[in-house]
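The values are calculated or read from the model by the stated rules, or taken from the named source; none is laboratory data. Note that the coordinates shown come from a computational prediction; the quantities given were computed from them, not determined experimentally. Here the Cβ positions follow ideal geometry from the backbone for every residue, glycine too, while neighbour counts run over all protein chains shown.
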Amino acid sequence: MHAPYWLLQEKSRDRNVIVVAAFISHRRYCVMDPKRWSRPLSFQIHRTGEFRTISNTSEAATILNNAWPVARGRNLKSAKRTCRQVLSGQRPPSEARNAFIAAAVEADIFVKEK
């Protein structure tokens, strides 16, 4: 038997980023992002040294806007703009992935291709 689900749409603090999620069961959400990348990538978190894997533009935008270790940078600004454009359908998801990698290199963050 399948759990009931409802589609939810909510806007983040950045009005241009929209997340679509499905309510699977009590207090469990599954994010469904149509801007999925062809290949996920992992990057090293500065504070802990652990790796985090991301596979879509929505995750990348959230990290760039809320958890990025540096506040400024040309590639960071470009990556944020590219993610907004991908999420609004103006550019392909592969460009957000490439922009995220460029921002990571600029911030001296180690990235592993999957």
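Here's the yes/no breakdown for (1) of a type outside the set (Ser, Thr, Tyr); (2) out of contact with any Gly (no Cβ under 8 Å at 6 or more places or on another chain); (3) modelled with pLDDT under 90; (4) surrounded by 12 or more Cβ atoms within 10 Å (Cβ to Cβ):
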site	(1), (2), (3), (4)
Pro40	yes, yes, no, yes
Thr62	no, yes, no, yes
Ala67	yes, yes, no, no
Glu95	yes, yes, no, yes
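Which of the residues belonging to the range 41-91 are touching a residue at least 60 places away in the same chain (Cβ under 8 Å) and of a type in the set (A, V, I, L, M)?
Of everything in the range 41-91, those that are touching a residue at least 60 places away in the same chain (Cβ under 8 Å) and of a type in the set (A, V, I, L, M) turn out to be Leu41, Leu87.
Given the structure, is Val70 among the β-branched types (Val, Ile, Thr), out of contact with any Cys (no Cβ under 8 Å at 6 or more places or on another chain) and not in a helix (DSSP H, G or I)?
Against the criterion (among the β-branched types (Val, Ile, Thr), out of contact with any Cys (no Cβ under 8 Å at 6 or more places or on another chain) and not in a helix (DSSP H, G or I)), Val70 qualifies.
Please work out which residue is farthest from the chain's Cα centre (by Cα), limiting yourself to the range 73-93 and to residues that are crowded, with 17+ Cβ neighbours inside 10 Å and either of a type in the set (D, E, K, R) or assigned to a loop (DSSP other than H, G, I, E, B) (or both).
Arg91
Does Ser78 satisfy being out of contact with any helix residue (DSSP H, G or I) (no Cβ under 9 Å at 6 or more places or on another chain) and either closer than 20 Å to Ser38 by Cα or of a type outside the set (A, V, I, L, M, F, W, C) (or both)?
Against the criterion (out of contact with any helix residue (DSSP H, G or I) (no Cβ under 9 Å at 6 or more places or on another chain) and either closer than 20 Å to Ser38 by Cα or of a type outside the set (A, V, I, L, M, F, W, C) (or both)), Ser78 does not qualify.
Does Ala102 satisfy being at pLDDT 95 or above, surrounded by 14 or more Cβ atoms within 10 Å (Cβ to Cβ), out of contact with any strand residue (DSSP E or B) (no Cβ under 7 Å at 6 or more places or on another chain) and hydrophobic (A, V, I, L, M, F, W, C)?
yes
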